[in-house]
Amino acid sequence: MSKIAVVYWSGTGNTEAMANFVSEGVMSAGADAEVIPCADFSADKVANYDAFAFGCPAMGSEELEYDEFQPMWDEVKEVLGDKKVVLFGSYSWAEGEWMDSWKADADEAGVNVVDSVICYDAPDDEGEAACRALGAELA
Ligand SMILES: Cc1cc2nc3c(=O)[nH]c(=O)nc-3n(C[C@H](O)[C@H](O)[C@H](O)COP(=O)(O)O)c2cc1C
């Protein structure tokens with residue numbers, strides 16, 4: 001059974017809710033999911049998983065959360081190889097530009113990003129379905 005890590009940072013719970021829906025989508029498609037706060041994840045754990053979902057809300061000025069998520073991402077993106085990756089996160093001030101920058105950064109590092117989902121504020125029914133589908137796609 002393939003094993004998928006859902007690694008996230010969340011300040012007020014919206015991206016955490018998305019992470020849980022992604023995980024449920026993974027499991028509904030028959031794979032094993034582990035939901036991991038980004039502070040507990042690092043490059044040396046990448047080899048233990050077959051694919052990855054990374055979640056981080058828009059923070060700063062259309063940036064990733066700088067204290068815990070960005071350092072983890074900068075280290076991990078270099079060792080993902082061609083393993084499948086999806087990106088997700090919540091926003092509420094702008095239009096989702098942080099995700100465009102994040103995907104560009106992932107592309108530059110050669111990360112195999114197959115899809116992404118953004119949700120305005122807390123995931124609504126449509127957001128929940130999109131997160132579940134994202135997880136299923138990864139499985
Ligand atoms: C310090 C800070 C910076 C933020 N910067 C942005 C931003 O640049 N663009 C945006 O659309 N939302 C921004 N937001 C809003 C958050 O992305 C939004 O509230 C999101 O739902 C938080 O997700 P979380 O509950 O997973 O922490 C910011 C919020 C905070 C607290």
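Check Lys77 against each of (1) within 16 Å of the ligand (Cβ to nearest atom); (2) touching a helix residue (DSSP H, G or I) at 6+ places or on another chain (Cβ under 7 Å); (3) over 21 Å from Asn20 (Cα atoms) and name the one condition it does not meet.
(1)
Give me the pairs, please: first residue somewhere in the stretch 47-70 and near the ligand (Cβ under 7 Å from one of its atoms), second residue anywhere and of a type in the set (Asp, Glu) and open to solvent by less than 20 Å² (accessible area, probe 1.4 Å), beta-carbon distance under 8 Å, and either six or more positions apart or on two chains.
That search, which allows pairs on different chains as well, returns Pro57/Glu65; Met59/Glu65.
Scan the stretch 1-15 residue by residue and report those that are under 20 Å from Asp67 (Cα atoms) and surrounded by fewer than 18 Cβ atoms within 10 Å (Cβ to Cβ).
Gly11, Thr12, Gly13, listed by residue number.
Return the residues of the stretch 30-80 that are part of a helix (DSSP H, G or I), surrounded by 14 or more Cβ atoms within 10 Å (Cβ to Cβ) and among the acidic types (Asp, Glu); say none if nothing qualifies.
Correct list: Glu75 only.
Out of Ala122, Ala109, Ala133, report the one residue that is surrounded by fewer than 21 Cβ atoms within 10 Å (Cβ to Cβ), under 20 Å from Phe69 (Cβ atoms), in contact (Cβ under 8 Å) with a residue 40 or more places away in the chain and out of contact with any Cys (no Cβ under 7 Å at 6 or more places or on another chain). Don't jump to the end; show me each part of the working.
Details: Ala109 fails: in contact (Cβ under 8 Å) with a residue 40 or more places away in the chain; Ala133 fails: under 20 Å from Phe69 (Cβ atoms).
The match here is Ala122.
Out of the residues in the stretch 82-139 meeting the condition of being among the polar types (S, T, N, Q) and away from the ligand (no atom under 12 Å from the Cβ), tell me which one is nearest to the chain's Cα centre (by Cα).
Of all residues in the stretch 82-139, those among the polar types (S, T, N, Q) come to 90, 92, 101, 112, 116.
Filter once more, keeping what is away from the ligand (no atom under 12 Å from the Cβ): 112, 116.
On the way: Asn112: 13, Ser116: 8 Å.
Residue satisfying both the conditions and the ranking: Ser116.
The values are calculated or read from the model by the stated rules, or taken from the named source; none is laboratory data. Remember, it's a predicted structure, so these values are computed and weren't measured experimentally. We place every Cβ from the backbone using ideal geometry, glycine too, and count neighbours over all the protein chains shown. Surface accessibility is based on the protein's heavy atoms, side chains included, excluding ligands, DNA and RNA. Shrake-Rupley method; radii C 1.70, N 1.55, O 1.52, S 1.80 Å.
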